[in-house]
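Novice: Take this structure first; my questions come after.
Nothing in this text is a laboratory measurement; each read-out follows from the coordinates by a stated rule. Since this is a predicted model, take the numbers as computed values, not measurements. Backbone-built Cβ (ideal geometry, glycine too); neighbour counts: all protein chains shown.
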Ligand code: AMP
């Protein structure tokens with residue numbers, strides 16, 4: 001294992017990125033602006049990040065020869081997705097620093113381990129129980145009540161691997177739907193709004209959070225983010241405190257996002273953590289056009305050992321995802337005052353796929 005070296009990488013250094021989607025693409029674009037190069041490693045030859053990087057490797061995550069060559073070319077390796085196979089991360093970390101530390105992946109790849117980790121920090125989540133067979137599901141339903149959501153412990157995103165059980169609904173049908181996968185049952189949260197905090201932590205342990213973002217989902221996929229979020233200052237401060245304490249508990253280096261529910265509790269409001277993403281996050285895309293520094297540059301700065309920037313928001317910001325065929329209508333955004341268009345170069349639209357986004361900034 002490599003000791004964490006605090007010496008900043010000089011401009012011209014190469015940062016490796018595992019994964020070649022739009023997050024890697026925007027990381028590479030941010031790196032390039034500050035004179036750092038990226039080498040993207042992804043199994044799919046048509047990955048959209050390859051269009052914007054100095055070097056690319058198309059190879060499987062289990063291909064040790066390709067991984068060894070990749071490690072040799074990079075001063076540090078990071079990743080754009082949380083399902084990096086554990087063996088890939090450990091193979092690389094014997095050859096080159098990998099940041100954030102891959103130990104974080106073991107926690108965030110499994111909803112049960114993640115929930116237990118959050119519990120141990122005494123941060124609130126929705127009530128949950130582990131479910132690995134049908135009798136356990138019935139027991140969990142008795143304990144937590146309905147409505148509830150059965151979620152697979154691994155490989156869930158954008159609502160995939162999630163099955164709601166309504167009040168009076170049939171838990172057995174949800175159990176059949178998950179096809180024997182290990183799960184958690186989570187109490188359904190009647191939230192008032194969903195928010196997230198994107199926090200950066202430097203190699204020296206310094207923290208910089210972006211302002212709390214309010215998120216609106218459609219069909220389980222993020223549709224619109226707005227900043228500032230319509231929450232009182234005390235709720236915003238609590239959300240930031242939660243995200244920063246999670247980043248510190250992981251001894252994290254890079255950008256991390258925490259998705260949260262804001263719940264009304266009588267006259268007060270409470271914040272519950274839904275999910276941790278150990279990477280740059282869709283709800284932080286507004287920072288490219290709406291802030292003095294983007295989440296992508298903060299991540300690159302952190303893994304390169306550079307000081308973090310103190311983010312200054314430029315106005316009221318709205319980020320709208322262009323999903324599937326919506327991207328074909330990109331032309332209408334080109335003339336909207338204050339709108340910035342981003343297309344990810346993913347080719348023909350696929351339903352449900354994030355193809356681009358638009359940021360609208362209104363100076364207050
Ligand atoms: P997740 O994949 O866990 O982030 O869930 C995707 C979306 O499903 C969330 O952003 C919420 O809109 C909704 N959701 C997930 N878990 C719950 C819950 N326990 N209660 C209510 N809504 C939920």
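Novice: Given the Cα-Cα distance of residue 155 and residue 68 and 0.36 nm per residue of separation, how much length would full extension add, in nm?
Specialist: This chain segment gains 28.7 nm when fully extended.
Novice: Could you calculate the contour length gain from residue 121 to residue 230, that is, 0.36 nm times the residue separation minus the distance between their Cα atoms, to one decimal place in nm? Present the calculation step by step, with values, prior to reporting the outcome.
Specialist: Values: separation 109, 0.36 × 109 = 39.24 nm, distance 2.63 nm.
That pair, residue 121 and residue 230, stretches by 36.6 nm at full extension.
Novice: Normalised by the number of residues in the chain, what is the relative contact order in percent for Cα pairs under 8 Å and 6+ residues apart?
Specialist: The value is 14 percent.
Novice: Can you put 74, 48, 183 in order, fewest other beta carbons within 10 Å first?
Specialist: Numbers: 74 24, 48 21, 183 30.
With the fewest neighbours first, 74, 48, 183 line up as 48, 74, 183.
Novice: For residue 350 and residue 146, FRET efficiency with R0 = 41 Å and r from the beta-carbon atoms, rounded to 0.05? Walk me through the numbers before you get to the answer.
Specialist: Values: r = 34 Å, r/R0 = 0.83.
Efficiency for this residue pair is about 0.75.
Novice: Residue 269 versus residue 59, label points 7 Å from Cα toward the beta carbon: distance in nm?
Specialist: Distance between the two pseudo-spin positions: 4.9 nm.
Novice: Fewest first, what order do 297, 216, 114 take by the number of other Cβ atoms within 10 Å? Can you show the working numbers first?
Specialist: Numbers: 297 27, 216 13, 114 22.
So the residues, fewest neighbours to most, are 216, 114, 297.
Novice: Multiply the residue gap between residue 251 and residue 206 by 0.36 nm, knock off their C-alpha separation, and tell me the result in nm, one decimal place.
Specialist: Working: separation 45, 0.36 × 45 = 16.20 nm, distance 1.05 nm.
Here the answer is 15.1 nm.
Novice: Also: Which angle from 0 to 90°, rounded to the nearest 10, does the C-alpha axis of helix 64-73 make with the longest principal axis of the chain?
Specialist: 60 degrees
Novice: Need one number: nm distance between label points at residue 176 and residue 312, each 7 Å from Cα along Cα→Cβ, rounded to one decimal.
Specialist: So the two model labels end up 6.0 nm from each other.
Novice: Hey, fewest Cβ within 10 Å first, where do 53, 98 land in order? Numbers along the way, then the final one.
Specialist: Working: 53 23, 98 28.
Neighbour counts put them in this order, fewest first: 53, 98.
Novice: To the nearest 0.05, how large is the calculated FRET efficiency for residue 220 and residue 7 if R₀ is 56 Å and r is the Cβ-Cβ distance? Provide the component values of the computation, followed by the final result.
Specialist: Values: r = 43 Å, r/R0 = 0.76.
In this case the efficiency is close to 0.85.
Novice: Pairs of Cα atoms under 8 Å, at least six residues apart: use those to get the relative contact order of segment 73-188, whole percent.
Specialist: Numbers: 163 pairs, mean separation 29.8, N = 116.
Relative CO of segment 73-188 lands at 26 percent.
Novice: How big is the chain along each principal axis, measuring the range of its Cα positions in Å and listing the largest first?
Specialist: 60, 50, 42
Novice: Let me ask another. Mind telling me which of 228, 97, 337 comes out most flexible in a GNM of the chain, alpha-carbon contacts under 10 Å?
Specialist: The residue with the greatest mean-square fluctuation here is 337.
Novice: Where does helix 233-249 land angle-wise versus the long Cα axis of the chain, in degrees 0 to 90, nearest 10?
Specialist: Its long axis makes an angle of about 70 degrees.
Novice: Same structure, new question: What distance in nm separates the two pseudo spin-label positions at residue 164 and residue 45, each 7 Å out from Cα along the beta-carbon direction?
Specialist: According to this spin-label approximation, the distance is 4.3 nm.
Novice: Find how many whole Å separate the alpha carbon centroid of segment 39-54 from the alpha carbon centroid of segment 221-248.
Specialist: Their Cα centres are 32 Å away from one another.
Novice: Just to confirm my numbers, what's the Cα centroid distance between segment 293-364 and segment 62-108 in Å?
Specialist: Each part's Cα centre sits 27 Å from the other's.
Novice: With n ≥ 4 as the cut-off for DSSP H runs, can you work out [θ] at 222 nm for the chain, using -39500 (n - 2.57) per run divided by the number of residues, rounded to the nearest 500?
Specialist: Numbers: 10 runs with 95 residues, N = 364.
Helices in the chain give a 222 nm mean residue ellipticity of -7500 deg cm²/dmol.
Novice: Have a look at 255, 104, 195 and tell me which one the Gaussian network model of the chain (Cα, springs below 10 Å) gives the largest fluctuation.
Specialist: Comparing 255, 104, 195 in the GNM, the peak value goes to 104.
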